[in-house]
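Taking it in order: structure first as structure tokens, then the write-up.
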Amino acid sequence: MPRVLLIEDDRAVREGVALALRRQGHEVAAVPTGEDGLERVRSFRPDVVVLDLMLPGLPGLDVCRRIRGLDQTLPIVMATARGDDEDIVVGLEAGADDYVVKPVQARVLEARIRAVLRRAGGPPAEGGIPKIYTYGDLSVDRAGLSVARAGVPIPLAPSELRLLLTLSASPGQVFSRQQLLEAVWEHSYHGDARLVDACVRRLRAKMGEPPREPRFIQTVRGFGYRFAAR
């Protein structure tokens with residue numbers, strides 16, 4: 001039974017969402033503040049966090065960053081009442097794996113939660129003998145779901161790992177943002193392409209890629225991204 005930590009200050013929303021998620025079979029811990037949420041991350045050990053962006057006291061963005069400091073792999077779905085591009089991108093840059101704009105239907109939130117949990121479990125197992133693929137000083141263990149550069153492990157959030165695995169599975173192939181959105185986030189709405197750009201920036205930063213001339217994840221202007229194996 002997946003454990004969901006819901007951090008939401010509005011009591012009516014918190015109780016309604018918690019009830020809907022429990023009906024879907026989740027074990028839910030629901031708290032009203034960021035401080036309470038950080039404590040429950042440690043004690044409840046959730047499988048996924050649903051985090052309101054606008055919280056009293058400790059803001060949701062700071063909560064997101066602190067969770068990432070504790071655990072790079074814990075999936076975070078950000079919930080915001082503001083659908084402005086800037087607000088959403090800032091939240092994604094803080095480490096969220098996905099987002100929903102409130103008010104959100106229970107079935108939509110459930111779908112997003114299921115999707116991030118699938119990403120956290122990694123991609124489907126590949127046939128043949130498991131291998132560690134090496135590209136220069138970058139190694140990608142597709143079976144062990146781990147990445148290292150120059151022998152130093154790189155902790156990646158689920159969306160970051162799945163994005164890298166998707167791109168590196170076909171070196172040289174150009175993927176549109178829409179293709180990556182569907183492959184990694186399992187979304188079909190084209191407006192969510194900002195998820196891809198934010199995740200690429202986070203992934204490049206963790207890999208130590210120079211922003212202007214990235215070695216591995218390259219931008220194809222006007223279309224999308226490709227992985228350069230050489």
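The values are calculated or read from the model by the stated rules, or taken from the named source; none is laboratory data. As the structure is a computational prediction, the values presented were derived from the model and not from experiment. Here Cβ is always computed from backbone atoms with ideal geometry, including for glycine, and neighbour counts include all displayed protein chains. To get the accessible areas, we keep the full protein, side chains included, count just its heavy atoms, and leave off ligands, DNA and RNA. Shrake-Rupley method; radii C 1.70, N 1.55, O 1.52, S 1.80 Å.
Taking the Cα atoms of the chain, what is the range of coordinates along each of the three principal axes, in descending order and whole Å?
Between the extreme Cα coordinates on each principal axis of the chain lie 53, 37, 29 Å.
Once the whole set of protein chains is in place, how much accessible area is left on D10, using a 1.4 Å probe, in Å² to the nearest 10?
Estimated to the nearest 10 Å², D10 gives 70 Å².
Accessible area per residue for segment 1-100 in Å², computed with a 1.4 Å probe and the full protein assembly in place, what is it?
45 Å²
Top to bottom by accessible area (1.4 Å), largest first, where do T80, T166, T134, T219 land?
T134, T219, T166, T80
List the relative contact order of the chain as a percent without decimals, with contacts defined as Cα pairs under 8 Å and 6+ residues apart.
Taking the mean separation of contacting Cα pairs over the length of the chain, I get 14 percent.
Please tell me the relative contact order of segment 18-59 in percent, rounded to the nearest whole number, where contacts are Cα pairs under 8 Å and at least six residues apart.
Rounded, it is 38 percent for segment 18-59.
Charges at C-beta only: +1 for Lys and Arg, -1 for Asp and Glu. How large is the resulting dipole of the chain about its Cα centre, in Debye rounded to 20?
Roughly 680 debye, rounded to the nearest 20.
Quick one: of the DSSP bridges fully inside the chain, what percent are antiparallel, nearest 5?
50 percent
Determine the per residue accessible area of segment 156-230 with all protein chains present and a 1.4 angstrom probe, expressed in square angstrom.
Counting only protein heavy atoms, the per-residue value for segment 156-230 is 46 Å².
Suppose every K and R has +1 on its Cβ and every D and E has -1 on its Cβ; what is the size of the dipole of segment 8-87 about the Cα centre, in Debye to the nearest 20?
Computed charge dipole of segment 8-87: roughly 380 debye.
Counting only protein heavy atoms and a 1.4 Å probe, tell me what percentage of the chain's accessible area is made up of carbon and sulfur.
52 percent
Where does each of 174-182, 19-27 land if you order them by average Cβ count within 10 Å, highest first?
Result, highest mean Cβ count within 10 Å first: 174-182, 19-27.
Which one of T134, I154, G37 has its Cα pushed farthest toward the positive end of the charge dipole of the chain, where Lys and Arg give +1 and Asp and Glu give -1 at the Cβ?
Of T134, I154, G37, it is T134.
Roughly how many whole Å is it from the C-alpha centroid of segment 139-212 to that of segment 1-48?
28 Å
Which order do I154, I113 take by accessible area at a 1.4 Å probe, largest first?
I154, I113
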